[in-house]
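Presented below is the structure to which this report refers.
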Amino acid sequence: MVKLFVIGDFHGKISNSLFVKIKKEKPDFILSPGDFCGNENLSKIFFKYIYGKHEGEISNKIGKEYKRLDKLSFKSGVEVIKKLKQLKIPIYAVHGNWDPTPYPYDLGGIKKESKKESLKPLKDKIFRLSDFSVINEEDFVLVCGGSSTSAGIISVKGLKEELKACLDYHEVGETLLQFIRAKKEFIRRKIIYKKLFSRAKKVAQGRPIIFLTHNCPYKTKLDIVGGKNSPKSAKGKHVGSYLERKMIERFQPNIVLCGHIHESYGTDKIKKSVICNIGSSLDGRFKILEI
């Protein structure tokens, strides 16, 4: 039997009680859907002054404060990872949307990673950032996703709806450019996922396949916005990943582990796949799996 301790959405903090809990449980592995970085003030500023706006609409004062908090967010995320590494328990993790991502741009827009702010230097035998890879362990096969935060916008119907909504606060050119980038990235990731799941199916040989990714699949009870800091325009809406949902429907991994939407933690199913939004460690939430 193997024990997995699943924990994520730290947003720059890990309580001593949770740290002690992990120690006490003595898991064989720690799995994390990311968001090591972040802080509450950064989140408040983002959703109040930046979300849904282009650069010309953001004041210099807000822009400077956001950059200052973003640096603090990164530093606190690094400290969380360093503390977890003290446990000497192998960690498999993927980037969250608040973590600096290694992708040229993400499905939700540009997500550049600078040399100064990268989690990659922390990688070693204990802490393994495993985005878009297959991990072949003795008791399970792990398929790792990434920090996708696309809200179901890549379907034809979804694209039209999102484009119409975006025209209220974006310049048309910027909106179209964002969708061109998103579409290209969507296609690229779809090809990658097909290869990953096909490989996982071949090597599994009866072992469970676990899909670890940051965002929840689209249109489940796990991806509905309802947080107190969330923008009013998003509350009550499904904001999960359309791509992840399609891959789950097609390849049917046994278990899907995700986070991102703190308030909608819990479990759901897509066909035979059990989906688990583990919630945020800020709220004391985690999941223990025994295989």
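Side notes on the structure shown:
- Averaging Cα coordinates gives a centre for the stretch 1-65 and one for the stretch 215-291; these two points are 16 Å apart.
- Across the stretch 214-222, computed HN-Hα scalar couplings (Karplus, 6.51 cos²θ - 1.76 cosθ + 1.60, θ = phi - 60°) run 7, 8, 6, x, 5, 6, 10, 7, 9 Hz from first to last residue, x flagging Gly and Pro.
- Taking each of 184/235; 3/221; 85/232; 64/194; 13/61 in turn, the alpha-carbon distance tops 32 angstrom for 85/232; 64/194.
- The ranking of 117, 138, 57 by Cβ neighbour count inside 10 Å, starting from the fewest, reads 138, 57, 117.
- Taking a Cβ cut-off of under 9 Å around residue 262, the surrounding Lys, Arg, Asp and Glu residues balance to a net charge of -2, with basic ones at +1 and acidic ones at -1.
Readers should treat all values here as calculations from the given coordinates under stated rules, not as data from a laboratory. Every value quoted in this text rests on a predicted model; they were computed, and no experiment measured them. Ideal geometry is used to build each Cβ from the backbone, glycine not excepted, and the neighbour counts take in all protein chains shown.
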